[in-house]
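The values are calculated or read from the model by the stated rules, or taken from the named source; none is laboratory data. The shown structure was predicted, so the numbers you read here are calculated from the model rather than taken from an experiment. We place every Cβ from the backbone using ideal geometry, glycine too, and count neighbours over all the protein chains shown.
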Amino acid sequence: MSEPKPTDSDRVLIIPCSGIGKAFGSVGREAAYLVLEELRPNDTGTVCLSLLTMGDEESQQRVREQRTIAIDGCPKACARVNIEHAGAEPAAIFRVFDVFRAHKELRVQQVSDIGENGREMARILAEEVAVKVDELRGGKE
Amino acid sequence: MPDLPEKRVGLIACSGEDLPVGTVSRMAVLQVLERLRPQDTVTLCLPLFLAGEERERAFARFYPTIAIDGCSKRCAARATEHYSARPAASLVIDDFIAEKGLPEPHGLRQLDAAGQAVTQAVAQELAHEVDRLLGKKRPTVVEVEAQAPDAEGEPEGMVVATCSCGSGIPVAQLQVNGRRVEILALPAILDQFREMGKPVNDATAGELMDAVKLYNHLPNEEEAGLREAVLSEYTRYIAAFDPASATS
């Protein structure tokens, strides 16, 4: 018998920053979408970060009730800060810069097209996030 | 010489990660920032209004802004108004699609053909709005040529989107008539005047006020007090570099 699919409330929320003017923001978002659409589509979900910023009740409730993973592209850590501001504590925090630090050969220059290096960096980050999702899902009672 | 921040149009996209129209908002803004109006536009991540500092929140008080929202929740317009200042213009992509009879976009990570068509149309609309806000007229033919990838006059090298986070608008707080007043761009103005070797005197006070007024709305009744406070600030600023010149 196959395992039952998780309900929406069981899903881990992957929340990337909305980084629009920096390449690492684009990499973080690409990584989030890789997890959401390819690596763990049945175990994850997301909310618009801008809705959290505006205090949208439904979004705030979701981040308080579900496990969240923040992915930030710059030191301002908008994803983490906005999750915390909604009254939740991220279950994990990932920073694109940490991936870059470990893979300095992967230089990304353009925001709208992160290129091969950016996609590779996003893939590495996405796989780390997916492992964390499994860990969190495995720990779910 | 340090540059004063230029007057550009700030583009604030909702960037909604959970909706195709959010992706459209982000991609359209990037197209304007990188290709259509790179010299005239700047952006800021919307969640930075909350996560950032005063200089980020001063964004819309310095730049006339266009809020670009995917859906009727209008996060970009509301956030800009709530945390900074009322946007000069706003566009809701769902409404734009309905109004222009455009196809519905699909895809979050990668937009489908409909999404890309909507992105193009939104980007063009934004570029025209930027021109309107800056009072710039662009002949259609020239505009089309300038946007062609191989056209003469295309900026050399890679054009990158201009992001304002972390390098936002410098703000100073002054005491004016016993009240704390926030002055946008004052640190950069003082820096520029010092670089130009402007002496501390009444004529410079007038020039400082002219520069300050470019970036700040000042009630008439506060102008005299502010002039005095700005000149005092400039005196302190100069003294920090060269005590002799400040007292000469």
Six or more apart or on different chains, Cβ atoms under 6 Å: show the pairs whose first residue is in segment B:73-97 and not assigned by TED's automatic domain parsing to the domain that holds B:Ala121 and whose second is at pLDDT 95 or above and part of a helix (DSSP H, G or I). none
Within segment A:95-109, residues being crowded, with 20+ Cβ neighbours inside 10 Å, assigned to a helix (DSSP H, G or I) and out of contact with any helix residue (DSSP H, G or I) (no Cβ under 7 Å at 6 or more places or on another chain) number 0
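Conditions (1) of a type in the set (Val, Ile, Thr); (2) crowded, with 24+ Cβ neighbours inside 10 Å; (3) more than 9 Å from every other protein chain (Cβ to nearest Cβ), marked per residue:
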| position | (1), (2), (3) |
| --- | --- |
| B:Ala13 | no, yes, no |
| B:Asp18 | no, no, no |
| B:Val29 | yes, yes, no |
| B:Val32 | yes, yes, yes |
| B:Leu36 | no, no, yes |
| B:Asp40 | no, no, yes |
| B:Thr43 | yes, yes, no |
For segment B:70-92, which residues satisfy the criterion of being away from chain A (no Cβ under 14 Å) and of a type in the set (Gly, Ala, Ser)? B:Ala85, B:Ala88, B:Ala89
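Being in a loop (DSSP other than H, G, I, E, B) and hydroxyl-bearing (Ser, Thr, Tyr): is that true of B:Ser25 here?
Details: in a loop (DSSP other than H, G, I, E, B): no; hydroxyl-bearing (Ser, Thr, Tyr): yes.
Here the answer is no, as B:Ser25 does not meet what is asked.
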Would a scan of segment B:47-69 turn up a residue that is more than 27 Å from B:Leu190 (Cα to Cα), among the small types (Gly, Ala, Ser), assigned to a helix (DSSP H, G or I) and within 13 Å of chain A (Cβ to nearest Cβ)? yes
Out of the residues in segment B:93-109 that are among the small types (Gly, Ala, Ser) and over 27 Å from A:Ile15 (Cα atoms), which is farthest from the other protein chains (Cβ to nearest Cβ)? B:Gly101
Given (1) touching a Leu at 6+ places or on another chain (Cβ under 9 Å); (2) touching a residue at least 40 places away in the same chain (Cβ under 8 Å), index of the condition B:Arg35 fails: (1)
